[in-house]
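Structure first, commentary second.
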Amino acid sequence: MPERRTVALVTLGCARNEVDSEELAGRLEADGWQLVEDAEDADVAVVNTCGFVEAAKKDSVDALLEANDLKGHGRTQAVVAVGCMAERYGKELAEALPEADGVLGFDDYTDISDRLQTILNGGIHASHTPRDRRKLLPISPAERQDSAASVALPGHGPVDLPEGLAPASGPRAPLRRRLDGSPVASVKLASGCDRRCSFCAIPSFRGSFISRRPGDVLNETRWLAEQGVKEVMLVSENNTSYGKDLGDIRLLESLLPELAEVDGLERVRVSYLQPAEMRPTLIDVLTSTPKVAPYFDLSFQHSAPDVLRAMRRFGDTDRFLELLDTIRSKAPQAGVRSNFIVGFPGESAADLAELERFLNHARLDAIGVFGYSDEEGTEAATYDRKLDEEVVAERLARVSRMAEELVSQRSEERVGETVHVLVESVHEEEGVYGRAAHQAPETDGQVLLTSGEGLSVGRMVEAKVVGTEGVDLVAEPLFQGSLARGEEAGR
């Protein structure tokens, strides 16, 4: 019997890429590939790249080069780039990085097994020519669903699969194979974005916004719960737009209670919310539905009106603070995180001071700060009044220091609160760590439990916050076991 072909998936970037990798894994496993964890144990190393900002692109190139170094020293025979950077640059990336044996775009995903086999056999699959994916679907959102079947939408794999392709768990299973044993998993709610932020290139290579059908999202969540997942995080480029192409802009409000009712699930989290699109009905559902985390990942980006207008965004400091007051009036313990860009073209000292005023009053649990840099193909790259790199670096360092102090202060405010912690790691030496409702995976800090007796990964524990370590919390368990329905923190 011939030895099975082996493949390793190396994932960089955001949670959306993680979902895409698990869909690729599902397709490959269904076609007979053996999935392995380490690239050195694989015939083919597939690197799911990120193409968002310069630092992420550098990380992607480094990962490809690192995988290439394994060739000739172990089992690895080929290295293939997929993901956003591969989609965005295609042939250009292939020419600049000959170490990659293949550069595959989103259109190649449905035939990923054949593509990898061709490359493994020494053949050449032509790298794709990048195109503006916004032009692949109708301009009108209402007309997009009818065209969706003809467009590659990573992470939108069918839930009712053709015979012979469904995983062993049955035909209701999604075209997805979990790549780790974490009790947390992301579920793609939609793809693409219709917003035209002047600094962002994502819509050009991810395409226009298109929602997944609620039934597919619900069935995938059920399947994940059957695999032992306790928390699902809904991801897309813009979750607040969910349903607009299905004729119901409030579809998320009706879907969330259904997801929360899935057997075995302890928590549902929603990420990537646009402040300008927040609705009172959505705030109500996020702050009052049992098992739905009162968590708000709000994309503010800045708070000075002139900078926001140049970014093609909306709002200002006072309106943003009013939104936060509304949220906290309904759920005082609600978690809020956001990202900000400093040094945007034309940003004045007064604009920076306005951003600092907002940060000082916002009481955010987690803050990401980025220095502006040109992204090719974006409107902002053509702007005048660019700030010197030294000025951008100084502002980045200044606001980053401020952000670090502010999130530490916000953590200290939580001392004495009761939180519900999903246990994610149990180690005899390092201790027991998990996350509370206001903490998303990998971005918002974690909770160290002072006692781990009887605890295991995937358990939900009620605990009292007794200390802090920067953005992280230290909490003492009050009882152990599953969180009773309706007792989510902040209610």
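The values are calculated or read from the model by the stated rules, or taken from the named source; none is laboratory data. Nothing here was measured: the structure is a model prediction, and the numbers come from that model. Using ideal geometry, Cβ is built from the backbone for each residue, glycine included, and neighbour counts are taken over all protein chains shown. Side chains are part of the model used for accessible areas, which takes the heavy atoms of the whole protein and leaves out ligands, DNA and RNA. Shrake-Rupley method; radii C 1.70, N 1.55, O 1.52, S 1.80 Å.
Points worth noting:
- Residues considered: 162, 130, 167, 154. Of these, the only one that is within 30 Å of residue 383 (Cβ to Cβ), modelled with pLDDT under 90 and either part of a loop (DSSP other than H, G, I, E, B) or acidic (Asp, Glu) (or both) is 130.
- Number of the exception - residue 371 against (1) in contact with a Leu (Cβ under 6 Å, 6 or more places away or on another chain); (2) farther than 30 Å from residue 89 by Cβ: (2)
- Every test in (1) more than 26 Å from residue 424 (Cα to Cα); (2) in contact with a strand residue (DSSP E or B) (Cβ under 6 Å, 6 or more places away or on another chain); (3) open to solvent by less than 30 Å² (accessible area, probe 1.4 Å) is passed by residue 303 save one, and that test is (2).
- Flag if residue 83 is in contact with a His (Cβ under 7 Å, 6 or more places away or on another chain) and not acidic (Asp, Glu): no
- Condition met for residue 43 (more than 22 Å from residue 188 (Cβ to Cβ) and in contact (Cβ under 8 Å) with a residue 60 or more places away in the chain): yes
- Pairs are defined by a Cβ separation below 7 Å, a sequence spacing of at least 6 or placement on different chains, a first member in region 222-246 that is hydroxyl-bearing (Ser, Thr, Tyr), and a second member that is open to solvent by 30 Å² or more (accessible area, probe 1.4 Å) and in a helix (DSSP H, G or I); the pairs so defined are 240/277; 241/277.
- Selected residue (criterion: farthest from residue 424 (Cα to Cα)) from residues of region 181-228 that are assigned to a helix (DSSP H, G or I) and aromatic (Phe, Trp, Tyr): 205
- Selection count where residues are on the phi > 0 side of the Ramachandran plot and more than 25 Å from the chain's Cα centre (by Cα), scope region 334-364: 1
- For region 436-457, a residue qualifies if it is of a type in the set (D, E, K, R) and without any contact (Cβ under 8 Å) to a residue 60 or more places away in the chain, and the qualifying residues are 442, 453.
- For residue 387, the conditions (1) over 30 Å from residue 203 (Cβ atoms); (2) touching a residue at least 40 places away in the same chain (Cβ under 8 Å); (3) in contact with a Gly (Cβ under 7 Å, 6 or more places away or on another chain); (4) of a type in the set (A, V, I, L, M) are fulfilled apart from (1).
- Test for residue 262: is it surrounded by fewer than 23 Cβ atoms within 10 Å (Cβ to Cβ) and in contact with an Asp or Glu (Cβ under 8 Å, 6 or more places away or on another chain): no
- Listed by first and then second residue, the pairs linking a residue in region 398-412 that is open to solvent by 20 Å² or more (accessible area, probe 1.4 Å) to a residue that is among the small types (Gly, Ala, Ser), with Cβ atoms under 6 Å apart and 6 or more places separating them unless they lie on different chains, are 408/470.
- A residue that is within 24 Å of residue 7 (Cβ to Cβ) and at pLDDT below 70 can be found somewhere in region 171-187.
- Members of region 307-357 that are in a strand (DSSP E or B) and open to solvent by 30 Å² or more (accessible area, probe 1.4 Å): 339
- Test result for residue 64, more than 18 Å from residue 205 (Cα to Cα) and either open to solvent by 10 Å² or more (accessible area, probe 1.4 Å) or in a loop (DSSP other than H, G, I, E, B) (or both): no
- In summary, residue 267 fulfils each of the numbered conditions (1) open to solvent by less than 10 Å² (accessible area, probe 1.4 Å); (2) among the basic types (Lys, Arg); (3) closer than 24 Å to residue 154 by Cβ with the single exception of condition (3).
- For region 434-480, a residue qualifies if it is open to solvent by less than 30 Å² (accessible area, probe 1.4 Å) and more than 19 Å from residue 182 (Cα to Cα), and the qualifying residues are 463, 465, 467, 473, 474, 475, 477.
- Evaluation of residue 100 against (1) more than 21 Å from residue 38 (Cα to Cα); (2) among the small types (Gly, Ala, Ser); (3) in a loop (DSSP other than H, G, I, E, B) (one fails), failing number: (1)
- For region 381-397, taking the residues that are touching a strand residue (DSSP E or B) at 6+ places or on another chain (Cβ under 8 Å) and either under 30 Å from residue 448 (Cβ atoms) or among the basic types (Lys, Arg) (or both), the one that is surrounded by the most Cβ atoms within 10 Å (Cβ to Cβ) is identified as 395.
- Condition broken by residue 483, with the remaining ones in (1) over 25 Å from the mean Cα position of the chain (by Cα); (2) buried (at least 17 other Cβ atoms within 10 Å of the Cβ); (3) modelled with pLDDT of 95 or more; (4) not β-branched (Val, Ile, Thr) satisfied: (3)
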